[in-house]
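**Q** Below: one structure in structure tokens.
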Amino acid sequence: MNGSNERNTALVVGAGGGIGGEVARRLARAGWRVRGLKRGLAAETVDADGIAWMTGDAMERADVARAAQGCAVIVHAVNPPGYRDWGKLVLPMLRNTISAAAANGALVVLPGTVYNYGPDAFPVVAEDAPQHPATRKGDLRVQMEAALEAHAAGGGRVLVVRAGDFFGPRAGNNWFAQGLIKPGKPVGRIANPAAPGAGHQWAYLPDVAATMVALIERRADLAPFARFHMQGHWDPDGTAMCDAIRRAVERRGGRAGVGAFPWWLVRLATPFNETLRELWEMRYLWRQPVCLDNRRLVGVLGAEPHTPLDEAVERTLEGLGCLPAPVPVGGAAAIC
């Protein structure tokens, strides 16, 4: 392992996505030199956020190795779009990241999911809970973390930060934007996927990124394989997120109703659509409460970065183009 790396240089694989982009921008604001890997670039440039974009494919080991040269941290936030070809792509991409990290003595950072866990770990899930996934996607996530744990056992360093369902102004593919509301349109109806009374965990992406960067900057004090859970926004009965969306719409003079998510329609379409087939497999996470225990995280950071729910939801809806501009009051913009 080559221990000579640049102290504040990071590569974000998947910087064009929701979580990858948010972490990349947060690292840049914290003073890091940040590289992003993206396919098909006509030229390698530095954007307005300070991210140096390098052309390359996460499936090509040589591309990842070139982009990671001299990096102290590699954030592995790349996912196949639309759940397509997960079984063929996710592990080879991760192996390329691990190889680059080993060559540079870099910390690997992975955004974790709750898919690793099955009902035997519910309702409150700590970092050492058994990982018995209930889905194919969950099984792949378990294999990913096992590969990273093996890398750490061989002398590498790994940080896994697990959170609930992502939402945010630029969150990419997520339940908030693809299930509850429709981006780019005023919110008239909110579709609630949760069973009555089933709690659900949400994670505001800027808070997730802030947590990851805070832990990255404490990396010298962490275990070689460090895993943390975020509490994020816990919805105790499955109605709090829908109510927060409704309040945000009403503050802008609109009105939105809440109805049940059409799971029956998803079920009918599963033979013909891979994305909907994967969503149907994840239905169990909306049928019962799943709450991540963040005590280990609080023990290290003192407190978890946390944006109030109404503020986070309003920013998200604004970013998705779902809210009209604030109505001026007395010649000044209203404070929402």
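Any read-out appearing in this document is the output of simple, stated calculations on the displayed coordinates, not a laboratory observation. This structure is a prediction, so every number in the text was calculated from the model and none was measured. We place every Cβ from the backbone using ideal geometry, glycine too, and count neighbours over all the protein chains shown.
**Q** Which Cα, out of G164, H306, L94, lies furthest along the positive dipole direction of the chain (beta carbon charges, K/R +1, D/E -1)?
**A** L94
**Q** Output wanted: per-residue J couplings in Hz (rounded whole) for the range 23-34, from phi through Karplus 6.51 cos²θ - 1.76 cosθ + 1.60, θ = phi - 60°, x for Gly and Pro.
**A** 5, 4, 5, 5, 4, 4, 5, 7, x, 7, 7, 10
**Q** I would also like to ask the following. Can you give the extra length, in nm with one decimal, that the chain gains between V258 and E274 once fully stretched, where that is 0.36 nm per residue apart less the Cα-Cα distance? Please list the in-between numbers first.
**A** Numbers: separation 16, 0.36 × 16 = 5.76 nm, distance 2.70 nm.
The span from V258 to E274 would gain 3.1 nm if fully extended.
**Q** If you don't mind, there's one more thing I want to ask. For a label point 7 Å from the Cα of A153 along Cα→C-beta, name the residues of the range 64-100 whose backbone N is under 20 Å from it.
**A** Within reach of a label on A153, which here means backbone N under 20 Å from a point 7 Å along Cα→Cβ, the range 64-100 contributes 91-92, 94-100.
**Q** Let me ask another. List every residue whose amide H lies under 5 Å from the amide H of F225, counting only residues 5 or more places away in sequence or on a different chain, with H placed 1.01 Å from N in the peptide plane.
**A** For F225, the qualifying residues are V158.
**Q** In whole angstrom, note down how far apart the Cα centers of the range 73-105 and the range 151-177 are.
**A** With the range 73-105 and the range 151-177 each reduced to a Cα centre, they are spaced 12 Å.
**Q** Taking the 0 to 90 degree range and rounding to the nearest ten, how far is the long axis of helix 309-319 tilted relative to the main principal axis of the chain, both from C-alpha atoms?
**A** It is inclined by approximately 80 degrees.
**Q** Is the range 214-298 best put as rounded, prolate or oblate by its Cα gyration tensor, with a ≥ b ≥ c the root eigenvalues, rounded for a/c under 1.5, and otherwise prolate when a/b is larger than b/c, oblate when not? All intermediate terms of the calculation are to be shown ahead of the outcome.
**A** On the way: a/c = 2.65, a/b = 1.42, b/c = 1.86.
Note, shape of the range 214-298 comes out oblate.
**Q** Could I ask something else about it? Can you put L323, L159, L11, L301 in order of Cβ neighbours within 10 angstrom, beginning with the fewest? Working shown, then result.
**A** On the way: L323 21, L159 25, L11 31, L301 16.
Starting with the residue having the fewest Cβ neighbours, the order is L301, L323, L159, L11.
**Q** Quick one: net charge around V208, please, counting Lys, Arg +1 and Asp, Glu -1 for every other residue with C-beta under 12 Å from its C-beta. Display every interim value, and only then the final one.
**A** Numbers: positive: R26, R162; negative: E22, D165, D207, E304.
Once positives and negatives cancel, what remains is -2.
**Q** Also: Determine the dipole magnitude for the chain: charges of +1 sit on the beta-carbon of Lys and Arg, -1 on that of Asp and Glu, nothing else is charged, the reference point is the Cα centre, and the result goes in debye to the nearest 20.
**A** That gives the chain a dipole magnitude of about 520 debye.
**Q** Once the mean 1/r over all distinct Cα pairs of the range 183-331 is inverted, what Kirkwood radius in angstroms do you read off?
**A** Numbers: mean 1/r = 0.0564 Å⁻¹.
Computed over Cα pairs of the range 183-331, the Kirkwood hydrodynamic radius comes out at 17.7 Å.
**Q** Something else: Could you order peptides 185-196, 253-264 by the average number of other Cβ atoms within 10 Å of their residues, highest first? Don't jump to the answer; show the numbers that get you there.
**A** On the way: 185-196: 16.2, 253-264: 12.9.
Averaged packing, sorted descending, gives the order 185-196, 253-264.
**Q** Just want the ordering: I98, I19, from fewest to most Cβ atoms lying within 10 Å of their own Cβ. Spell out each step's value before the answer.
**A** Working: I98 23, I19 28.
The order, fewest Cβ neighbours first, is I98, I19.
**Q** Whole Å is fine, so just give me how far the alpha carbon centre of the range 11-59 lies from that of the range 280-326.
**A** Value for the Cα centre distance between the two parts: 24 Å.
**Q** So what is the relative contact order of the range 200-249, in percent, for Cα pairs below 8 Å that sit 6 or more residues apart? Present the calculation step by step, with values, prior to reporting the outcome.
**A** Numbers: 23 pairs, mean separation 30.0, N = 50.
Relative contact order for the range 200-249 comes out at 60 percent.
**Q** Here's a follow-up. Hey, what number do you get for the chain at 222 nm if only DSSP H runs of n ≥ 4 count, each worth -39500 (n - 2.57), divided across all residues, to the nearest 500?
**A** Values: 10 runs with 114 residues, N = 336.
When only DSSP H runs of four or more count, the value is -10500 deg cm²/dmol.
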